[in-house]
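**Student:** Before I ask anything, let me first share the structure, which is written out below as structure tokens.
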Amino acid sequence: MSAITTHILDTARGRPASGVALRLERLTAPQNVVVLGGGVTDADGRCRTLLAADHLLVAGTYRLRFETGPYFERLGVAAFYPFVEVVFEVRAEQVEEHFHVPILLNPFGYSTYRGS
């Protein structure tokens, strides 16, 4: 399994948000970004393959970008956020841990947390 996984729950519809494109990046300097992976959420709203199973995390700042605008457009729903970015830090003592970073989404808001 990827060391970083995510899922999206559409709280307005009460179901997973499938078909949402997303990208995982590592921020190595204020203006330097390394794209590590990407994908599209499955029927269960999950993306489990952002990184290869053998990819080793390094300490640093990471960013997940979710393309939420096209998701809501497909549903015919006006939404406020065209995309959602979640930035989080992996500390040196955490590089062997699994990071699950879900979002709870609706057309006019979102929240996130470190899942299990």
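The values are calculated or read from the model by the stated rules, or taken from the named source; none is laboratory data. Bear in mind that the values here come from a model prediction, so they are computed numbers and not experimental data. FYI the Cβ positions are ideal-geometry reconstructions off the backbone, even for glycines, and counts take in every protein chain you see.
Yes or no, residue by residue, for (1) among the hydroxyl-bearing types (Ser, Thr, Tyr); (2) at pLDDT 95 or above:
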| position | (1), (2) |
| --- | --- |
| 1 | no, no |
| 5 | yes, yes |
| 9 | no, yes |
| 12 | no, yes |
| 20 | no, yes |
| 43 | no, yes |
| 51 | no, no |
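**Student:** From (1) of a type in the set (A, V, I, L, M, F, W, C); (2) surrounded by 12 or more Cβ atoms within 10 Å (Cβ to Cβ); (3) without any contact (Cβ under 8 Å) to a residue 40 or more places away in the chain, pick out the condition that doesn't hold for residue 43.
**Tutor:** Tallying (1) of a type in the set (A, V, I, L, M, F, W, C); (2) surrounded by 12 or more Cβ atoms within 10 Å (Cβ to Cβ); (3) without any contact (Cβ under 8 Å) to a residue 40 or more places away in the chain, residue 43 fails exactly one: (2).
**Student:** Could you check, for the range 60-77, whether at least one of its residues is more than 18 Å from residue 15 (Cβ to Cβ), more than 14 Å from the chain's Cα centre (by Cα) and of a type in the set (Phe, Trp, Tyr)?
**Tutor:** So far as the range 60-77 goes, no, none of its residues is more than 18 Å from residue 15 (Cβ to Cβ), more than 14 Å from the chain's Cα centre (by Cα) and of a type in the set (Phe, Trp, Tyr).
**Student:** Can you name the residue in the range 88-112 that is touching a His at 6+ places or on another chain (Cβ under 9 Å) and of a type outside the set (A, V, I, L, M, F, W, C) and, of all such residues, is nearest to residue 11 (Cα to Cα)?
**Tutor:** The selected residue is 102.
**Student:** Moving to a separate point now. Scan 19, 76 and give me the residue that is surrounded by fewer than 18 Cβ atoms within 10 Å (Cβ to Cβ) and free of Cβ contacts under 8 Å to residues at least 12 places away in the same chain.
**Tutor:** The match here is 76.
**Student:** Is it true that residue 84 is buried (at least 16 other Cβ atoms within 10 Å of the Cβ) and within 11 Å of the chain's Cα centre (by Cα)?
**Tutor:** yes
**Student:** Next question, about the same structure. Please enumerate the residues belonging to the range 33-47 that are part of a strand (DSSP E or B) and hydrophobic (A, V, I, L, M, F, W, C).
**Tutor:** 33, 34, 35, 36, 40, 47
**Student:** Right, something else. Which strands (runs of 3 or more DSSP E) sit wholly inside the range 55-116 and have at least 3 residues that are of a type in the set (A, V, I, L, M) and at pLDDT 95 or above?
**Tutor:** Counting at least 3 such residues, we get 84-90, 103-106.
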